[in-house]
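Data first, discussion second: the structure below is written as structure tokens.
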Amino acid sequence: MTTIDETILDNLEIELPSWAFGNSGTRFKVFGTPGTPRTVEEKIADAAKVHELTGLAPAVALHIPWDTVDDYRALGVYAEDLGVRLGTINSNTFQDDDYKFGSLTHTDKTVRQKAIDHHIACIDVMNATGSRDLKIWLADGTNYPGQGDIRGRQDRLAESLATIYQHIGDEQRLVLEYKFFEPAMYMTDVPDWGTSYAQVTALGERAMVCLDTGHHAPGTNIEFIVAQLLRLQKLGSFDFNSRFYADDDLIVGAADPFQLFRILFEVIRGGGLDDGSPVALMLDQCHNVEEKIPGQIRSVLNVQEMTARALLVDTDALTTAQEAGDVLGANAILMDAFYTDVRPMLARRREARGLPADPMAAYASSGHAARIAEERVGGTQSSWGA
Ligand code: PSV
Ligand code: MN
């Protein structure tokens, strides 16, 4: 039996997205939930509740302009008073009419400049909040063959990113997220890890790739991408979620916990959870029909559980089996760890740290959901675009 690396478990941090606490849905319907935050402060308070019960989520990511406030320093102090900090700043160039045919890749210089200026404004926010990462996900792409010049769009993207990167401070990073389709259907300008890697490598060492687990074609071996990006020292961050069909943004580990285990095994194998690692773990999820705060609690617990299982892999025995060509023996070593129920061990560790043994049960019995439903009356519930 392997002894688990306690430090990795103790240091595990998963950043929460502010937008997970707002209403979301499909193009068919967005359902509201009583108690949904009306303001960024209420979103941060919900994130703080998740951290209070799990000890796993000390940071919350903001999305600009959804989370725009007048005073970001004051917002940072507000977050700190609640026991969390402000994390990644996400830009948004996908909800403005000017971006219909692209943002950083647009043929019109004025539109490109507008998108660049938005990112520079996001860096100003980071300077005020002390955030390290600017995360860029672009909706840019085309729907029909011939609609745009594929090569020209890549060139303009490189130029725009280089301009933004000049504003990234010494302690800051730019992470470029890829997604294989949607909203563009024929061709997406940053569709895969290779394109993101090529673009960020041209920028410099403070530019890295963001891997959103929901952004791959069915059947893609995501752990291979993880291993490769770690090898290249360009894996900057994860957006965790899970998918059955497309960019479903469901609870991480819900659709395929074994995939999450395999990903985390490669993260650990590549040093991605070691002290000083550049790899940031974040959720990027939406809770369309389930309660949002417990949805986020469940999510960070899933990441913690699969990390613990991945840490249980007897790596020495695995290497021996691999080198001996013992195919089934090697596979069994991995599966032994995956099939181990780590929940009792994690519950004991939580209690030892003064946390509830079962954060889901603690939230359910706390009356918090009823309290915020009663308090948060009036105003407009946060949703896409607010
Ligand atoms: C759109 O697919 C998306 O979910 C990306 O994954 C971004 O990270 C997120 O929105 C927030 O902009
Ligand atoms: Mn994402």
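The values are calculated or read from the model by the stated rules, or taken from the named source; none is laboratory data. Bear in mind that the values here come from a model prediction, so they are computed numbers and not experimental data. Here the Cβ positions follow ideal geometry from the backbone for every residue, glycine too, while neighbour counts run over all protein chains shown. Side chains included, ligands, DNA and RNA excluded: accessible areas come from the protein's heavy atoms. Shrake-Rupley method; radii C 1.70, N 1.55, O 1.52, S 1.80 Å.
Quick look at the numbers
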quantity: The listed residue being among the aromatic types (F, W, Y), assigned to a helix (DSSP H, G or I) and open to solvent by less than 30 Å² (accessible area, probe 1.4 Å), out of F238, F261; calculated: F261
quantity: Residues of the range 1-23 satisfying the condition of being modelled with pLDDT under 95 and open to solvent by less than 50 Å² (accessible area, probe 1.4 Å); calculated: T2, I4
quantity: Residues within the range 112-148 that are away from ligand 2 (no atom under 16 Å from the Cβ), under 22 Å from the mean Cα position of the chain (by Cα) and of a type in the set (V, I, T), tallied; calculated: 4
quantity: Sole exception among (1) away from ligand 2 (no atom under 16 Å from the Cβ); (2) in contact with a His (Cβ under 9 Å, 6 or more places away or on another chain); (3) within 23 Å of M208 (Cβ to Cβ) for T93, by number; calculated: (1)
quantity: Identity of the residue in the range 150-197, surrounded by 15 or more Cβ atoms within 10 Å (Cβ to Cβ) and among the polar types (S, T, N, Q), that ends up nearest to D239 (Cα to Cα); calculated: S196
quantity: Complete set of residues in the range 275-303 that are away from ligand 2 (no atom under 16 Å from the Cβ) and among the charged types (D, E, K, R); calculated: D275, E290, E291, K292, R298
quantity: Complete set of residues in the range 28-53 that are within 16 Å of V69 (Cβ to Cβ) and open to solvent by 10 Å² or more (accessible area, probe 1.4 Å); calculated: R38, T39, V40, E41, E42, A45
quantity: Segments classed as helices (runs of 4 or more DSSP H), wholly inside the range 1-95, with at least 3 members that are small (G, A, S); calculated: 40-54, 72-81
